[in-house]
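Notes to accompany the following structure.
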Amino acid sequence: MRVLGIDVDGATAERWLRNLAPDPQPFFVSSVSAWPGVAVGRDRLTPALRDTYQAWRIDRALDVVWIDEATFDALDRSRRKALVREQVQHRRGAVPTVRGWRDVVDPETIRAQADGHRFVWWPSLLSDPAAILRRIIEPGLRPSRHAEVDDETWATVRTLLPGVRGLAGTFLADGEESNCFGAVMAAAGACRGADTWIGLDAFTDWLATACTPIRGTHHDDRPGTVLVWHTPAQPFHAAVTIGAGYAFEKPSQEWWTPRTILRAEEIKRANRGLRLERHRLDST
């Protein structure tokens, strides 16, 4: 399977499907008292599942119950409706609309699951894995251009960004975490592997010690320019140029976003409206 210009092996696709439709899966509820006999608690939320269900935006005062597909199917439909509607109310991720998926998943099956408008993913719905995964991953993201970069550009950037060529055009490995800050630092050889999810404090400390602030768009065609976009409060996103007009980024922390090479102008357009600062990666 090929996704966003990147070859995806079968083991990775299977892992993605488990991230999308685990069995059991978490449901966020106001009280666990109505769910005797089921597992409870947030401690079973792996980083990948926190991404799937966007747990960071859900009120932490809510309880979490873990319900498997067989238990869910055995509920009265009125109870399934109420449970799925509660997930929408709490802003849980992975509660798609029937309308948005009726061309890929059997419409009668997903319409009958709950209220006829929303549904949740279960393993039994994954009859066309490639189509489902592409529909989830590709919207809003641009295919990686890593294959366009010539050997001279890769050779020129090797000293400044020793990790970038190996990371470009890859998805996260099993057990690995990363965000935009971690991807930039890993490209620079400052961190690697499962340690590449980097907090804001660690990233800003690295900027202060490994980079020099600079000004001017002419730096964006040169290798080693760290681009940092800011909200009014703090840094929000980062990428790094590799030369020849290209830049490297991970668009977000989620498991479905790859580490990509894009034109620097594409990345800048995608983050238009945020304040952009530039830092030159110092030679070592």
Legend entry - Estimated FRET transfer efficiency when R0 is 25 angstrom, pair residue 23-residue 138 (beta carbons, to 0.05): 0.50
Legend entry - Dipole of the chain, positive direction: furthest Cα of 124, 8, 202, with charges on the beta-carbon: 202
Inset, instruction - Provide 150, 51 in ascending order of the number of other Cβ atoms located within 10 Å of each residue's Cβ, fewest first. - result: 150, 51
Legend entry - Fewest-first sequence of 1, 185 by Cβ atoms within 10 Å of each Cβ: 1, 185
Inset, instruction - Give the order of 236, 203 when sorted by the count of other beta carbons within 10 angstrom, beginning with the fewest. - result: 236, 203
Inset, instruction - Run the quick spin-label model on residue 31 and residue 174: label points 7 Å from Cα toward the beta carbon, then report their separation in nm to one decimal. - result: 4.2
Legend entry - Computed helical MRE - 222 nm, the chain, DSSP H runs ≥ 4 contributing -39500 (n - 2.57), nearest 500: -8500 deg cm²/dmol
Legend entry - Pairwise label distance in nanometres, residue 70 with residue 117, each label 7 Å out on the Cα-Cβ vector: 3.3
Legend entry - Positive minus negative residues near residue 179 (Lys, Arg vs Asp, Glu; Cβ under 10 Å): -1
Legend entry - Cα gyration tensor shape for region 182-284, rounded if a/c is under 1.5, else prolate or oblate: rounded
Legend entry - In order through region 171-181: 3J(HN,Hα) via Karplus (6.51 cos²θ - 1.76 cosθ + 1.60), integer Hz, x for Gly, Pro: 9, 5, 7, 4, x, 8, 10, 7, 9, 4, 5
Legend entry - Stretchable slack from residue 85 to residue 205, in nm (0.36 nm times residue separation minus alpha-carbon distance): 38.9 nm
Legend entry - Size of charge dipole - region 2-99 - debye, nearest 20, with Cβ of Lys, Arg +1 and Asp, Glu -1, no other charges: 440
Legend entry - Sum of side-chain charges, residue 234 neighbourhood, beta-carbon under 15 Å (Lys, Arg +1; Asp, Glu -1): -2
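Rule-based calculations on the coordinates, nothing more; no lab input. These figures come from a predicted structure and were not determined experimentally. Cβ atoms come from the backbone with ideal geometry, glycine included; neighbour counts cover every protein chain shown.
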